[in-house]
Amino acid sequence: MKMIRTFWKDEDGAVTVDWVVLTAAVVVLAVAVATTITPAVNTEVGQIATVITDTTN
């Protein structure tokens, strides 16, 4: 019975689950930000490449 009470009060597993959920949320947020800014970055890179090409010719 003591072993069951000790297991029930142990919070190590709950802390691990919290960290896994938090890490997953950060990854999802990072993917969302990357997906959102990728078109703008591609446009800017294309414009920079055009300026460099025009300057060197």
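In Å², and per residue, what accessible area does the chain have when probed at 1.4 Å with the other protein chains present?
That works out to 94 Å² per residue.
Just the accessible area for THR6, please: 1.4 Å probe, Å², rounded to the nearest 10?
90
Pop out the carbon and sulfur fraction of the accessible area of the chain as a percent, whole number, probe 1.4 Å.
73
Once every DSSP H run of n ≥ 4 in the chain is given -39500 (n - 2.57) and the sum is divided by its residues, what mean residue ellipticity at 222 nm do you get, rounded to the nearest 500 deg cm²/dmol?
The helix-only estimate for the chain comes to -33000 deg cm²/dmol at 222 nm.
Can you work out the Karplus-derived ³J(HN,Hα) for every residue in the stretch 2-19? Use 6.51 cos²θ - 1.76 cosθ + 1.60 with θ = phi - 60°, whole Hz, and x for glycine or proline.
For the stretch 2-19, the Karplus curve yields 4, 5, 5, 5, 5, 4, 5, 7, 5, 9, 4, x, 5, 5, 4, 4, 4, 5 Hz.
Can you give the alpha-carbon Rg of the chain over 2.2 N^0.38 Å, where N counts its residues?
Expressed relative to 2.2 N^0.38 Å, the Cα Rg reads 2.42.
For ASN42 and GLU11, what is the calculated FRET efficiency with R₀ set at 35 Å and r taken between the beta-carbons, to the nearest 0.05?
With a Förster radius of 35 Å, E is 0.15.
The values are calculated or read from the model by the stated rules, or taken from the named source; none is laboratory data. As the structure is a prediction and not an experimental result, all values here were calculated from the model. Cβ: placed from backbone, ideal geometry, glycine included. Neighbour counts: every protein chain shown. Heavy atoms of the whole protein, side chains included, go into the accessibility calculation; ligands, DNA and RNA do not. Shrake-Rupley method; radii C 1.70, N 1.55, O 1.52, S 1.80 Å.
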